[in-house]
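One structure is given here, and the rest of the page talks about it.
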Amino acid sequence: MPLPSELAWLIPVLPLAGACFVGFLLISFKLTMNRLSKPVSFLLVSCVGAAAVLSYALLAEQRAGTAASKVIFDLPGLTDLNLQIGFVVDGIATEMLALISTAGMLLMLSAHIYMVGKKNYVSFFTYLGFFTSALLGLALSPNLLEMFVFWLLVGISSYLLVGFWYDTNGSSKTTQKIFLVDRVGDVGFLLGSLGLFWVTRSFGFDESGPLLEEAIISGKLSNPTTLLLCFLMIMGPIAKLIEFPLYIWRPDVLKTPVPASALIHATTLVAAGVFVVARLEPVLTAGARALPGTVLANLFV
């Protein structure tokens, strides 16, 4: 029987498969699918619930003292660039998986009560499944490259949820503002990740920190450049955490359906920003060496 860590890749795949299946049927048979709210909610809640069971099995495995594991594959034709994909199972990843899957399942159950009888019920559940899958994939990402891909998917799915009631007064402008602010953070995150790769030739979390520190000590990277690089990398989490200066969309989230607002504003999306900062800790710690003074360094990290 395979170990839970060997089946970790199924955790984001299960909600994604359910959302894609429902989405395909919705496109093909829209009128029929919109009348099947209970089967759709049962299917997607079951997919997220199965992911939650597997997440807690992984968490129990890690709590029992099992060593962290990583499965990575080189992208075909890009081995010279050291570009890899895969998944990592460690303490912080399993805790994040348990949080996301539990919150996602409970919010889907509450969404069934809140959204029943409302317009585009099936579409809303499909977006929730897609959003949950993207967050689960983010938690399992073994490097910055894969994390950024799932980060974009989280942004797209949150955009769909926030703009779900696009035909209400002011909702269209609200969605556009949120989209633009989110993209500012994503562009900063992308530029910072590419800059880090240019310096270290690696997207790995653990490998990039020591290589960046070595570049700073050797003088290859100046202090202002290091500060700019680290600031760009945390722009993505700043946008998701709704912090200064990318906080202007905070009140607009409350205009979304209540389950979406809870998922985005109060639980998993904010936790995702904290998770990304935690993953970037080796890089930010190395970058803190460029800050003038211990107090500022502690504030930055």
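Give me the percent of Cα-Cα pairs in the range 1-142 that sit more than 28 Å apart, rounded to a whole number. Percentage above 28 Å: 28.
Calculate the FRET efficiency for Ala60 and Lys30 from the Cβ-Cβ distance with a Förster distance of 41 Å, rounded to the nearest 0.05. Please report the intermediate quantities before stating the final value.
Values: r = 42 Å, r/R0 = 1.02.
Efficiency for this residue pair is about 0.45.
The simple Förster model, with R0 at 30 Å and r as the Cβ-Cβ distance, assigns Cys20 and Trp198 a FRET efficiency of 0.25. Scoring 31-44, 86-99, 194-207 by mean Cβ neighbours within 10 Å over their residues and listing the highest first yields 86-99, 194-207, 31-44.
Taking the range 86-223 on its own, what percent of its Cα-Cα pair distances exceed 21 Å? Before the final figure, lay out the partial values.
Working: 5286 of 9453 pairs.
Value for the range 86-223: 56 percent of Cα pairs lie more than 21 Å apart.
Please identify which residues in the range 101-115 have an amide N closer than 16 Å to a label point set 7 Å out from the Cα of Phe42, following the Cα→Cβ vector. In the range 101-115, the label zone of Phe42 (backbone N under 16 Å from the point 7 Å along Cα→Cβ) covers 109, 112-113. Per-residue packing, averaged as other Cβ atoms within 10 Å, sorts the ranges 138-148, 7-17 into the order 138-148, 7-17, beginning with the highest.
What is the ratio of the Cα radius of gyration of the range 1-81 to 2.2 N^0.38 Å, where N is its residue count, to two decimals?
Numbers: Rg = 17.6 Å, N = 81, 2.2 N^0.38 = 11.7 Å.
Here the answer is 1.50, to two decimals.
A full extension of the chain between Ile92 and Ser218 corresponds to an added length of 42.2 nm, given 0.36 nm per residue minus the alpha carbon distance. Between the C-alpha center of the range 44-61 and that of the range 203-228 there is a gap of 38 Å. Under the simplified labelling scheme, the Arg183-Leu75 pair shows an inter-label distance of 2.2 nm, with each label point 7 Å from Cα along Cα→Cβ.
Estimated at 0.36 nm per residue, the fully extended path between Leu3 and Ile85 surpasses their Cα-Cα distance by 27.5 nm.
Rounded to the nearest whole Hz, the Karplus-based 3J(HN,Hα) values (6.51 cos²θ - 1.76 cosθ + 1.60, θ = phi - 60°) of the range 146-154 follow the sequence 5, 4, 5, 4, 5, 4, 5, 5, 4, with x at glycine and proline. 3J(HN,Hα) along the range 62-75, derived from phi through the Karplus expression 6.51 cos²θ - 1.76 cosθ + 1.60 where θ = phi - 60°, amounts to 5, 5, 7, x, 5, 5, 4, 10, 9, 10, 10, 10, 6, 5 Hz, with x in place of Gly and Pro. Note on Ile156 and Leu10: their simple-model spin labels are 2.6 nm apart, each label 7 Å out from Cα toward Cβ.
Values quoted throughout were computed directly from the atomic coordinates according to the rules given, and no laboratory measurement underlies them. Values in this document were obtained by computation on a predicted structure and should not be read as measured data. Cβ sites come from the backbone with ideal geometry, for glycine too, and all protein chains shown count toward neighbours.
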